[in-house]
Amino acid sequence: MKQRIVERVVSPMEPHFVGDGFRVHNFIPSVYGLNMDRMDPFILMDYNSKFYFPPTDKPRGVGVHPHKGFETVTIAYKGRVAHHDSSGGGGVIGQGDIQWMTAASGVLHKEYHEEEWSKQGGDFQMVQLWVNLPKKDKKSASKYQAIKNEDVKRFRLKDNQGEIEVIAGEYKGVAGTAFTFTPIHMFNAKLRKGGKVDFDFPADYNTALLVIEGDITVNGKEKAPTNHFVLMANEGESFEIEATKDALVLVLSGQPINEPIAAQGPFVMNTKEELQQAFRDFNAGKFGYLED
Ligand code: MN
């Protein structure tokens with residue numbers, strides 16, 4: 001097995017606010033030159049690094065907005081998010097939980113800090129990913145997979161070095177519970193200081209790491225501190241992470257869909273025509289109605 005090397009370590013760019021509740025560093029696509037297709041099928045990554053929100057009676061967040069043609073995956077590391085959608089669905093993404101929302105044919109929703117959490121305030125830390133869908137699946141019905149932290153499958157590393165939470169895909173025989181339309185591995189690697197773990201993905205799978213907590217060294221040489229993004233090259237298969245401090249690392253690897261991407265705002269289709277149709281459908285009220 002050939003070693004997969006680091007292509008680049010990317011430091012977080014200046015954060016911006018999405019609504020008034022999500023203070024995010026964008027990593028994909030980004031001004032640093034990662035286009036939407038570089039990490040295909042992961043076409044967007046917004047990262048709310050740990051940030052303190054003071055108490056408020058009026059929950060902060062993002063009002064009603066649509067999505068179509070892809071999936072949003074929200075991983076809550078700190079804080080709680082409540083969501084509601086135009087089909088009457090809703091729920092709370094608690095600390096350690098994952099929400100995998102298949103927007104596909106279209107959904108209208110809103111995302112706010114959960115009310116009770118907002119009243120207390122606190123540190124908030126979260127990742128939102130957009131996972132693209134192949135053309136044949138963009139018309140699927142929308143749905144949610146609410147994955148509670150206690151239901152996440154875990155692989156325990158030997159000698160108390162830590163554990164791998166398998167959200168999707170598979171790690172050394174432990175399969176994640178998330179259903180995915182295309183082959184995707186998504187893990188939270190929790191490592192104690194000095195802990196080492198190896199990963200092995202097909203060379204063509206686009207692969208990256210996001211350091212949520214602590215510091216790591218990749219392949220014994222490249223250092224990546226907290227809040228840094230590590231893009232792995234598409235050569236070789238296996239690589240190793242070592243925690244130089246207690247660490248939490250989001251590990252992403254996915255088989256590229258390799259279809260044209262036509263994206264604007266909250267819609268991701270294959271052609272400009274489909275994009276225009278999505279805007280017409282949205283403006284005609286075909287995504288339903290949701291009170292703000
Ligand atoms: Mn949204």
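Note on GLU115/LYS2: beta-carbon distance plugged into 1/(1 + (r/R0)^6) with R0 of 41 Å gives a FRET efficiency of 0.20.
Principal-axis analysis of the Cα atoms of the chain puts helix 272-283 at an angle of about 50° to the longest axis.
Per DSSP H run of at least 4 residues, take -39500 (n - 2.57); add these up for the chain, divide by its residues and hand me the 222 nm value, nearest 500 deg cm²/dmol. Dividing the helical sum by the residues of the chain leaves -1500 deg cm²/dmol. Select from the stretch 173-242 those chymotrypsin sites (Phe, Trp or Tyr not before Pro) which occupy a DSSP coil region and have at most 13 other Cβ atoms within 10 Å, ordered by residue number. Qualifying residues, ordered by number: PHE179.
How big is the Cα convex hull of the stretch 1-73 in projection, averaged over all directions, in nm²? Show your work: numbers first, answer last.
Values: hull surface 29.6 nm².
Mean projected area for the stretch 1-73: 7.4 nm², to one decimal.
Treat every Asp and Glu Cβ in the chain as -1 and every Lys and Arg Cβ as +1, leave all other atoms uncharged, and give the resulting dipole magnitude about the Cα centre to the nearest 20 debye.
On the way: 34 positive and 39 negative charges, 28 e Å.
The dipole of the chain has a size of about 140 debye.
Cross-link pairs exceeding 24 Å in C-alpha to C-alpha distance, out of LYS78/LYS158; LYS110/LYS190; LYS143/LYS286; LYS50/LYS245; LYS153/LYS196, comprise LYS78/LYS158; LYS110/LYS190.
For the chain, the carbon plus sulfur part of the accessible surface works out to 49%, probe radius 1.4 Å.
A 1.4 Å probe run over the protein chains yields, for the stretch 29-92, 37 Å² of accessible area per residue, whole-number rounding.
Between LYS139 and ASP198, the distance separating the two model label sites (each 7 Å from Cα on the Cα→Cβ line) works out to 4.6 nm. Structural descriptor for the chain: relative contact order 21 percent, calculated from alpha carbon pairs under 8 angstrom and at least 6 residues apart.
Put simply, the C-alpha atoms of the chain give a gyration tensor, and the ellipsoid matching it has half-axes of 30, 23, 17 Å, longest first.
Working ranking of peptides 277-286, 60-69 by packing, defined as the average number of other Cβ atoms within 10 Å per residue, highest first, is 60-69, 277-286.
The values are calculated or read from the model by the stated rules, or taken from the named source; none is laboratory data. All values derive from a computational prediction rather than experimental measurement. All Cβ positions, even for glycine, are placed from backbone atoms using ideal geometry, and neighbour counts span all protein chains on display. Just so you know, the surface numbers come from the protein's heavy atoms only, side chains and all, with ligands and any DNA or RNA stripped out. Shrake-Rupley method; radii C 1.70, N 1.55, O 1.52, S 1.80 Å.
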